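Before any comments, here is the structure.
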Amino acid sequence: MARVVVDPITRIEGHLRIEVETKGGIVTDAWSSGTMFRGLELILKGRDPRDAWVFAQRACGVCTTVHALASVRAVENALGLVIPTNARLIRNLIAGIQYVQDHVIHFYHLHALDWVDVVSALSADPARTSDLAQSISAWPLSSAVYFKGVRDRLQAFVDSGQLGPFANGYWGHPAYALPPEANLLAVAHYLQALDWQRDVIKIQAILGGKNPHPQTYVVGGMAMGVDPNSPTALTVRRLSEIAELTARARDFVEQVYVPDVLAVAGFYKDWAGHGAGIGNYLSYGDFPEGAPDDPRSFYLPRGRILGRDLSKVLPVDQASVAESVAHSWYTYEGDETALHPWKGQTNPKYGGPKPPFDTLEGSATYSWLKAPRYEDQPMEVGPLARMLVAYASGQADVKTAVDDALGALGVGPEALFSTLGRVAARAIETSLLVNRLGVWQRDLEANLKTGDLAIADTSRWDPTSWPDHAEGWGFEEAPRGSLGHWIVIDKGSITNYQMVVPSTWNGSPRDAAGHRGAWEEALIGTPLADPERPVEILRTIHSFDPCLACAVHVHDPAGGPGVTVSVV
Ligand code: NFE
Ligand code: MG
């Protein structure tokens, strides 16, 4: 038996330590530890609820805008505000392009190198790489000359000894399965995606003033002019720029990202048998296409699946969410083992071993993440949860797209419950949303043409119009999964604010009943070919797209070491 410790897991946002126990080269138990504390929820106490979104949005620079959206929704819910149609559609557009950019960056820059051996790409034949590229896509950058150029560029990196983003990979690891040509193709697209993502996110800058952290939210709607005839508002020219950028986004997703995911997945079908995890899936649903607070109008439906049973989609009620701190570095006053977020507390109390330490073994508390549970059950959230809930709900676009992808890979729906299923679900979701952006834009233009220029309901702007005490919740589907903000307002100020974030669901430690979190559970049964180079741990953990900055909502002033992998 050996303990394998990876700390930190890189190519994620924030600080994550994973420890696993192995027996005979197979993972038999796992611990997920968020190693930083931030306390944003404490920073929000005492503030004006109308300002909360600006602070909350700083939880993260990766999923950026999602905390602003969850925050304004929580305050709107507390004050009983319904946002106008224009605001609903602009919010959908900002959130939608965020998904598209975030998912593509995740695949190429945060996850692909778990599957793609960069050094092997150096031995690829550019002509055969060109043949491969043209066999899977009509994307024009696919000539032998182009791929030779990429290979030469990569060789120059290696010769200089400065590998940059490709330093310290597990190159040559026996678990890599792609031929050199597929590796070169993926490296070429890794580089292209860097430029592409910078361009397409301009949509957020057009609609939000800047990226990351758009600045145009307001409680009750959006704070921007939408008169197509005014030079300072969202003009016809701006709308046509958005349409052009959306087309660029769509071309890359359809002609590069999706074909690459399918091609890579074809070499790793064994990963449809690893990484399933708990089998409970939660989606709050999002992208309202009618009444903004009616989940029946959502493009991606709300629902819950238990025990991988796709025949039933169960309802979701915010009252059923609670966070346990039984194994976290927090204390709750009183005897409660789990608290609903309106009653939530953020009392940090480090209870792990004194650093530096080798392992967390024997430490009852081991993470700065709390353990969110739905009716006491751990849930997986994220693209796979959303696609499964939508698929089981009979959402027509999702059903067609999922069935097509399963058909292309020649696997059945059970393959979805896996590490590979997560990667595929993210690509399917990206493809659906990049196409939906055009629908929301057309709806926005059509609504503006009717003369409806309403952009915010400011009827409750004055705090003297508020009740003495109000409670609200705001749900959002962030790229990594279900995000909830809960707010309590007393006499115009925030008296409690709790954020229950996607990576907190997925990366949670055990709860009071001993249930593991989604990452912990997903690692069990994973084979490790070489425990000193545990690429298999990275595959499954990265498939969730972790974000610890969101999840704990500090830093090591001394800097600390780089990545250490130890087998103890
Ligand atoms: Ni920091 Fe986030 C997303 C949120 S995290 S990335 O998506 O909310 O889990
Ligand atoms: Mg929290």
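Every number here is computed from the coordinates shown, using simple stated rules; none is lab data. Just so it is clear, the structure is predicted and the values come from calculations on it, not from any experiment. So basically every Cβ, Gly included, is an ideal-geometry build from the backbone, and we count neighbours across all protein chains shown.
Worth a mention:
- Gain on full stretching of the segment that runs from SER160 to ASP294 - 0.36 nm per residue minus C-alpha separation: 42.6 nm
- The simple Förster model, with R0 at 51 Å and r as the Cβ-Cβ distance, assigns ARG47 and LEU191 a FRET efficiency of 0.75.
- 19 Å Cα-Cα threshold exceeded, pairs from LYS349/LYS370; LYS45/LYS491; LYS202/LYS449; LYS312/LYS399; LYS343/LYS491: LYS202/LYS449
- Cα centroid separation, the range 372-423 to the range 343-365 (Å): 34 Å
- Rounded to whole numbers, the Karplus 3J(HN,Hα) couplings from phi for the range 298-311 are 6, 5, 9, x, 8, x, 9, 10, 10, x, 6, 8, 7, 7 Hz, using 6.51 cos²θ - 1.76 cosθ + 1.60 with θ = phi - 60°, and x at Gly and Pro.
- The chain: proportion of alpha-carbon pairs further apart than 44 angstrom, %: 15 percent
- Whole-angstrom gap from the range 71-148 to the range 26-65, using each part's C-alpha centre: 24 Å
- Restricting the range 279-351 to chymotrypsin sites (Phe, Trp or Tyr not before Pro) that sit in a DSSP loop and have at most 15 other Cβ atoms within 10 Å of their own Cβ leaves TYR350.
- Here the simple spin-label model places points 7 Å from the Cα toward Cβ, and for VAL82 and ASP270 these points are separated by 5.6 nm.
- In percent, rounded to a whole number, the relative contact order of the range 12-134 is 14, using alpha-carbon pairs under 8 Å and six or more apart.
- For the range 286-297, Karplus couplings with θ = phi - 60° (6.51, -1.76, 1.60), whole Hz, Gly/Pro x: 6, 6, x, 10, x, 3, x, 10, 10, x, 5, 8
- Segment ASP317-PHE37, length gained on full extension (0.36 nm per residue, minus Cα span): 98.0 nm
- Label positions at GLU241 and THR450, each projected 7 Å from the Cα along the C-beta direction, are separated by 2.8 nm.
- Residues with amide H under 5 Å from that of VAL27, placed H, sequence gap 5 or more: GLY525, THR526, LEU528
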